[in-house]
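So the structure is just underneath, and the comments pick up after that.
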Amino acid sequence: MPASYEADNRFPGGLRRGEDYIQALQDDGRRVFIDGEEVSDVTTHPAFAEAVHSIANIYDIACDPANRELMTYPSPATGVPVNRSWQLPRSRDDLVARRGAIEKLSESNFGFMGRSPDHVAGFFVGWAMAPEVFIEDGNTRFADNLVKFYEFLRDHDGYITYTIVPPQIDRSKPAHQQNPSDLYAGVVEERDDGIVIRGAQMLGTGTALSDYVLLSTIRPLGPGDENFAINVAIACNAPGVRIYSRRSYGQAASSVYDYPLASRFDENDALVVYDNVLVPWDQVFVYKNIDICRDQWWATPAHVMGNNQAQIRFTTKLRFMVGVAQRIAEMNGVAALPPVQALLADLAVQASAYEGLVDAQIATATTTANGYVEPGRQALYAAMMMQSEIYPKMLNLLRELCGGGLIQLPSSVADFANPDIRADIERYIQSPDHSAQERVKLMKLAWDLVGSEFAGRHDQYEKFYAGAPFVVKMAMYRNYDFATSRRLVDEALAGYDTTGRLPKTD
Ligand SMILES: Cc1cc2nc3c(=O)[nH]c(=O)nc-3n(C[C@H](O)[C@H](O)[C@H](O)COP(=O)(O)OP(=O)(O)OC[C@H]3O[C@@H](n4cnc5c(N)ncnc54)[C@H](O)[C@@H]3O)c2cc1C
């Protein structure tokens with residue numbers, strides 16, 4: 001195990017191909033657990049292998065010379081092409097280019113992989129845009145660490161996920177009053193060569209598949225919580241890191257035909273336990289500082305850049321949902337009916353309104369004190385809030401459209417292999433111009449989108465991944481332009497006096 005990331009020989013440097021990414025994961029000593037057993041190799045285990053391949057595909061897309069302009073930009077340090085998701089935007093054009101790259105990657109999984117390598121990259125980009133926030137009493141040590149680690153990830157095409165929320169144990173008490181006090185992940189020892197972390201954090205989406213995991217907290221901390229006020233990067237194979245995966249929907253998927261989404265894009269979520277994990281000092285970015293731990297999210301563009309990526313990804317998912325709905329309406333022979341067209345329009349309204357808010361983030365982008373450009377916050381937080389509301393609404397509209405056709409399906413692809421069963425399926429589960437195989441294929445895709453266990457997880461994900469809805473509303477409250485709204489009201493009130501008289505006009 002390397003003492004520091006600079007000695008981490010899993011990364012050749014420059015853009016990584018899918019096979020480089022897979023090779024780095026193989027037998028790297030990470031400890032992942034599922035169904036009562038330890039996984040020896042996530043790249044071949046049925047619970048993880050397909051998700052690993054979907055991430056590898058993302059690396060291959062970025063590496064493809066045909067996508068060079070779309071997906072990469074020259075590293076300011078080395079001049080070699082690196083993934084555009086690491087670019088610090090200096091103009092609206094840079095934001096447009098970034099959006100194009102993220103959109104391309106998200107289309108490879110139809111928006112179903114939320115923690116692809118470009119997600120936490122957005123947070124690092126935001127931090128690297130304002131490293132002064134990490135300076136402590138004039139000491140630039142942690143800010144320097146942050147920038148160097150960002151550059152390492154950028155120039156080596158690293159994949160980092162994050163755990164920034166403590167496990168749900170007793171939310172009525174602050175971190176240090178949990179019993180025992182080392183339940184939430186925090187510092188338990190300071191050494192010459194680093195700090196020791198003990199405790200757990202949720203919910204490491206994709207952590208079983210990534211190279212590094214970022215450990216911090218986005219929840220407000222108070223006096224006494226200093227040990228939890230950290231931001232550190234930890235190698236997923238560091239001694240003491242244990243990754244407890246939830247049930248795998250990918251492994252449970254009986255075939256790609258039966259579960260086309262779950263079988264390929266189940267990126268896993270996990271409880272991550274840090275059991276006396278030594279973090280070298282150069283991987284420490286915030287250390288026992290409650291103010292900086294808070295400011296890193298709100299006084300830098302990190303939250304904005306990370307969530308802008310998430311929203312570009314979500315836009316792809318919404319477009320996909322509209323497409324599935326239209327295909328089903330056509331297959332069922334109801335696409336020409338006005339009520340069905342109205343339902344499709346309802347779906348399109350949600351998708352367009354959301355997409356408009358992503359457009360608006362570029363239109364209202366602002367220049368930061370350091371000369372970078374960040375997406376408009378008002379539109380970003382409005383979209384984040386809408387997301388948790390429109391996703392269940394879209395799912396519901398899709399269910400309404402699909403009716404019982406989602407359920408009246410062969411139990412699995414194996415039914416087609418039995419000639420007797422197949423004859424009945426082909427006769428009774430078909431549509432004009434569509435064979436039974438095609439009809440079942442589309443309906444099974446729709447079920448994996450709205451009804452399977454994978455679908456349920458996605459409903460929960462879109463509601464919570466960026467924080468509980470009441471937390472997102474607070475972010476919206478802090479970022480809405482209330483001044484303009486108040487001015488309008490003031491102008492209206494100034495237009496007449498308390499006797500109801502209008503001002504004199506000449
Ligand atoms: C599928 C999925 C993937 C995720 N992936 C990641 C990840 O990769 N990394 C990561 O760090 N996190 C991840 N998360 C965690 C996510 O960030 C949290 O779920 C989110 O921050 C909400 O925190 P919580 O789950 O503890 O809910 P809580 O904060 O406990 O809130 C749950 C509900 O309790 C009520 N409530 C709680 N506190 C209050 C209060 N003070 N006032 C009013 N109501 C309250 C509200 O109804 C709220 O909706 C993921 C979550 C999901 C569901």
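Quick one: which residues, 5 or more positions from SER245 or on another chain, have an amide H under 5 Å from its amide H? H modelled 1.01 Å from N in the peptide plane, none for Pro or chain starts.
Distant-sequence amide H within range of SER245: PHE33.
Translational D (Stokes-Einstein, µm²/s) of region 38-99 at 4 °C and 1.567 mPa s when Rh comes from the Kirkwood sum over C-alpha pairs? Intermediate results must be reported in sequence, preceding the final value.
Details: Rh = 13.5 Å.
It diffuses with D of about 96 µm²/s by this estimate.
Please work out the FRET efficiency for the pair SER411 and VAL471, using the Cβ-Cβ distance as r and a Förster radius of 45 Å; give the result to the nearest 0.05.
Working: r = 42 Å, r/R0 = 0.93.
E between SER411 and VAL471, to the nearest 0.05, is 0.60.
At a 10 angstrom cut-off on C-beta neighbours, averaged per residue, how do the peptides 137-148, 82-93 rank from highest to lowest?
Details: 137-148: 15.5, 82-93: 20.4.
Highest to lowest by the protection proxy: 82-93, 137-148.
Classify region 5-293 as rounded, prolate or oblate from the Cα gyration tensor: take a ≥ b ≥ c as the square roots of its eigenvalues, call it rounded if a/c is under 1.5, otherwise prolate when a/b beats b/c and oblate if not.
oblate
So, with +1 on the Cβ of K and R and -1 on the Cβ of D and E, and no other charges, what is the size of the charge dipole of region 291-361 about its Cα centre, to the nearest 20 debye? Spell out each step's value before the answer.
Working: 5 positive and 6 negative charges, 44 e Å.
Rounded to the nearest 20 debye, it is 220 debye.
Quote to one decimal, in nm, the extra length available between ARG427 and GLU37 on full extension: 0.36 nm per residue of separation minus the C-alpha distance between them.
On the way: separation 390, 0.36 × 390 = 140.40 nm, distance 4.48 nm.
Once the chain is fully extended between ARG427 and GLU37, it gains 135.9 nm.
Using θ = phi - 60° and the Karplus form 6.51 cos²θ - 1.76 cosθ + 1.60, what ³J(HN,Hα) does each residue of region 408-423 get, whole Hz, x for Gly and Pro?
Computed from phi, the couplings for region 408-423 are 6, 9, x, 4, 6, 4, 4, 4, 5, 7, 9, x, 5, 5, 4, 4 Hz.
If I take every Cα pair under 8 Å that is 6 or more residues apart in region 310-390, average their sequence separation and divide by the length, what percent do I get for the relative contact order? Write out the running numbers ahead of the final one.
On the way: 55 pairs, mean separation 21.5, N = 81.
RCO, region 310-390: 27 percent.
Once you put a point 7 Å from the Cα of ARG501 and another 7 Å from the Cα of GLU189, both along the Cβ direction, what distance in nm separates them?
Spacing of the two 7 Å Cα→Cβ label points: 8.2 nm.
Probe of 1.4 angstrom, ligands and nucleic acids ignored: what's the accessible area per residue over the chain, in square angstrom? Provide the component values of the computation, followed by the final result.
On the way: 21640 Å² over 506 residues.
Computed with neighbouring chains in place, this is 43 Å² per residue.
Where both residues lie in the chain, what percent of DSSP beta bridges are antiparallel, nearest 5?
Percentage antiparallel, nearest 5: 85.
Is it possible to state the helix-based mean residue ellipticity at 222 nm for the chain, with each DSSP H run of 4+ residues giving -39500 (n - 2.57), the sum divided by total residues, to the nearest 500 deg cm²/dmol? What is it? Write down the numbers at each step before the final one.
On the way: 17 runs with 230 residues, N = 506.
Dividing the helical sum by the residues of the chain leaves -14500 deg cm²/dmol.
Treating the Cα atoms of the chain as identical point scatterers in vacuum, please give the log10 of the normalised Debye intensity I(q)/I(0) at q = 0.09 Å⁻¹, two decimals.
-0.67
Would you kindly derive the ³J(HN,Hα) couplings of region 210-227 from the backbone phi angles with the Karplus curve 6.51 cos²θ - 1.76 cosθ + 1.60 (θ = phi - 60°), listing them in order in whole Hz, with x for Gly and Pro?
9, 7, 10, 10, 8, 10, 7, 9, 9, 6, x, 10, x, x, x, 8, 3, 5
Extension gain ALA77-PHE464, at 0.36 nm per residue separation less the Cα-Cα distance, in nm? Working shown, then result.
Values: separation 387, 0.36 × 387 = 139.32 nm, distance 3.67 nm.
That works out to 135.6 nm of additional length.
Please report, in debye to the nearest 20, how large the charge dipole of region 145-259 is about its Cα centre when each Lys and Arg carries +1 at its beta carbon and each Asp and Glu carries -1 there.
Details: 10 positive and 13 negative charges, 95 e Å.
Magnitude of the dipole: close to 460 debye.
What's the ranking of 11-18, 191-198 by average number of surrounding C-beta atoms within 10 Å, highest first?
Put in order of decreasing packing, that is 11-18, 191-198.
Given the pairs LYS441/LYS463; LYS104/LYS317; LYS104/LYS441; LYS104/LYS393; LYS393/LYS463, which are separated by over 20 angstrom at their Cα positions?
Working: LYS441/LYS463 28 Å; LYS104/LYS317 12 Å; LYS104/LYS441 25 Å; LYS104/LYS393 26 Å; LYS393/LYS463 12 Å.
Listed pairs above 20 Å: LYS441/LYS463; LYS104/LYS441; LYS104/LYS393.
What FRET efficiency comes out for ALA363 versus ALA342 if R0 is 35 angstrom and r is the Cβ-Cβ distance? Round to the nearest 0.05.
Rounded to the nearest 0.05, the efficiency is 0.75.
Let me check something: with ligands and nucleic acids excluded, how do LYS393, LYS288 order by accessible area (1.4 Å probe), largest to smallest? Please report the intermediate quantities before stating the final value.
Working: LYS393 105, LYS288 80 Å².
Highest to lowest solvent-accessible surface, that is LYS393, LYS288.
Roughly to the nearest percent, how much of the accessible area of the chain is carbon and sulfur, given a 1.4 Å probe?
On the way: 11370 of 21640 Å².
Solvent-exposed carbon and sulfur of the chain make up 53 percent of the total.
I need to check one value: relative contact order of region 302-488, counting alpha carbon pairs closer than 8 Å and at least 6 residues apart, in percent. Could the numbers behind the result be given before it?
On the way: 155 pairs, mean separation 45.6, N = 187.
Computed value for region 302-488: 24 percent relative contact order.
Length gain on complete extension for the stretch VAL196 to SER91, per 0.36 nm per residue less the alpha carbon to alpha carbon distance?
Numbers: separation 105, 0.36 × 105 = 37.80 nm, distance 4.04 nm.
Here the segment from VAL196 to SER91 would lengthen by 33.8 nm.
In the chain, with Lys and Arg counted as +1 and Asp and Glu as -1 at Cβ, which of these residues, GLN430, PRO280, TRP86, has the Cα nearest the positive end of the dipole, that is, farthest along it?
Of the candidates, GLN430 comes out farthest on the positive side.
The values are calculated or read from the model by the stated rules, or taken from the named source; none is laboratory data. Since we're looking at a predicted model, the values are computed, not measured. Glycine gets a Cβ as well: all are built from the backbone with ideal geometry, and neighbour counts include every protein chain shown. Surface accessibility is based on the protein's heavy atoms, side chains included, excluding ligands, DNA and RNA. Shrake-Rupley method; radii C 1.70, N 1.55, O 1.52, S 1.80 Å.
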